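Note sheet for the following structure.
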Amino acid sequence: MDALRKEWEQRLLEELPAWAKCLEGRTQNPEDRALRLSSNRVFPAWAKPLIKGNPGTATVLDIGAGPITALGDNWEGHQVKIIPVDPLAEAYNSLLERNGIVPHTQTVYGMGEHLVEQFGEDTFDLAYACESLDQSLDPIECFQQILATLKPGCSLVAFHEANQAERNRYEGPYQWNFSIRESRLLVWNHQGDYDVIDNCPGAGHYHLETEGNYIKFTLTKQG
């Protein structure tokens, strides 16, 4: 496992050059950069109905957030606390400092496989993962950990491009594929395939949507 983790960590470092260019302003997606740097971003409309009850503060976990979370926290009449985590947080924060950028919410170190140890169970009102879990060391463990850290009846929303590892020929950080089979989310590579629902005992209802080559997976913890 140590050798596998070391290899994974080396692959993950390949994310840094693209982010370095982005933070310097040399990006093919200036809209995303501007969104992340904005200090007055609205909380996403799709997320509001997923906040269970009417908490005084909605606490949101962003897994694999990168140097700056893409989630806004401005929601009229509500307080939103976003906690962005990423295994490369230290390197990302160095890049931000080098470019004189002070993020509205700083990314902290965290691995999807160890969220319960870091945050405890029944902590978050919402979890969000965008193009991150297919780069993780163990996506199924990540799903299990995310569910454990969610409060009962609360949801994870995950956006991922289908079959990224296959598309990239298993080069770089993408070593897992997400795809849909018989209305179920499948995580797979050449070593095996895993049905997310079958491997998450705490899973309640779920919903799958597709847009182009992207999969949106909403998974709610049992209430």
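The values are calculated or read from the model by the stated rules, or taken from the named source; none is laboratory data. Owing to the predicted nature of the structure, the values given are computational and were not obtained by experimental measurement. Please note: Cβ atoms are built from the backbone with ideal geometry, for glycine as well, and neighbour counts cover all protein chains shown. Calculation scope for accessible area: heavy atoms of the full protein, side chains included, ligands and nucleic acids excluded. Shrake-Rupley method; radii C 1.70, N 1.55, O 1.52, S 1.80 Å.
Key figures
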{"read-out": "Karplus (6.51, -1.76, 1.60) ³J(HN,Hα), θ = phi - 60°, over region 143-149, in Hz, Gly and Pro reported as x", "value": "4, 5, 5, 4, 4, 5, 7"}
{"read-out": "Sum of -39500 (n - 2.57) over DSSP H runs of 4+, divided by residues of the chain (222 nm, nearest 500)", "value": "-7000 deg cm²/dmol"}
{"read-out": "Top of Gly110, Gly192, Gly25 by mean-square fluctuation, Gaussian network on the chain, Cα under 10 Å", "value": "Gly192"}
{"read-out": "Among beta bridges that DSSP assigns inside the chain, antiparallel share in %, nearest 5", "value": "55 percent"}
{"read-out": "Around Gln106: net Lys/Arg minus Asp/Glu count, Cβ-Cβ under 14 Å", "value": "-3"}
{"read-out": "For Leu185, residues with placed amide H under 5 Å, excluding near neighbours", "value": "Val196, Ile197"}
{"read-out": "Electrostatic dipole magnitude of region 132-188 [Cβ: Lys, Arg +1; Asp, Glu -1; Cα centre; debye, to 20]", "value": "160 debye"}
{"read-out": "Region 153-223: antiparallel DSSP beta bridges as a percent of all, rounded to 5", "value": "100 percent"}
{"read-out": "Partner lysines for Lys221 [C-alpha distance under 28 Å; skip if fewer than 8 residues away on the same chain]", "value": "Lys48, Lys52, Lys81, Lys151"}
{"read-out": "Per residue accessible area in Å² of the chain, where ligands, DNA and RNA are left out and the probe is 1.4 Å", "value": "51 Å²"}
{"read-out": "Percent carbon-and-sulfur accessible area, the chain, ignoring ligands, DNA and RNA, probe 1.4 Å", "value": "47 percent"}
{"read-out": "3J(HN,Hα) from dihedral phi, region 16-33, Karplus parametrisation 6.51/-1.76/1.60, rounded to Hz, x for glycine, proline", "value": "5, x, 5, 5, 4, 5, 4, 5, 6, x, 9, 9, 8, 10, x, 5, 5, 4"}
